[in-house]
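Coordinate-derived values only; no laboratory data. The shown structure was predicted, so the numbers you read here are calculated from the model rather than taken from an experiment. Neighbour counts run over all protein chains shown; Cβ positions are idealised from the backbone, glycine included.
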Amino acid sequence: MPNDLQVLLMETSSYALLALKDFLTSRGYVPCCYSSGRDAWEALQSGVACDVAIIYRGWDGSEDNSLAKRVKELRPDLPVISTTTESTPTEAADATLYKPFPFQELEKAIQRVTRKPGNS
């Protein structure tokens, strides 16, 4: 079921990054992976192609809260999904997933935030 959506994936845990990358690839997505918010931000500023951004928010919230907000300021139409172990959603994100989550929930969130108006 290839869909070729370009996914910017930012996750600070190398294990989680690899697992998420493998899952996304197996489902037909094209992930572009970054292990820091700074690297992901620099890629976005340089014009990296992506249809959705998945951004990890660390325990202190520093990575994602500011990064999600900056992403929305730079590319307001880019859907942002936040993943976190915190109990509160990320304000600038279009969806928040609370760790641990089944990979199928990530795929549902991607489908939900990338759905074009008028398409079901």
*Select from region 80-96 the residues that are under 20 Å from V30 (Cβ atoms) and without any contact (Cβ under 8 Å) to a residue 40 or more places away in the chain and list them in ascending order.*
V80, I81, D94, A95
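Do we have T84 as among the polar types (S, T, N, Q) and within 12 Å of the chain's Cα centre (by Cα) here? It would help to see each step written out before you state the result.
Values: among the polar types (S, T, N, Q): yes; within 12 Å of the chain's Cα centre (by Cα): yes.
Yes; evaluated as a whole, the condition is true for this residue.
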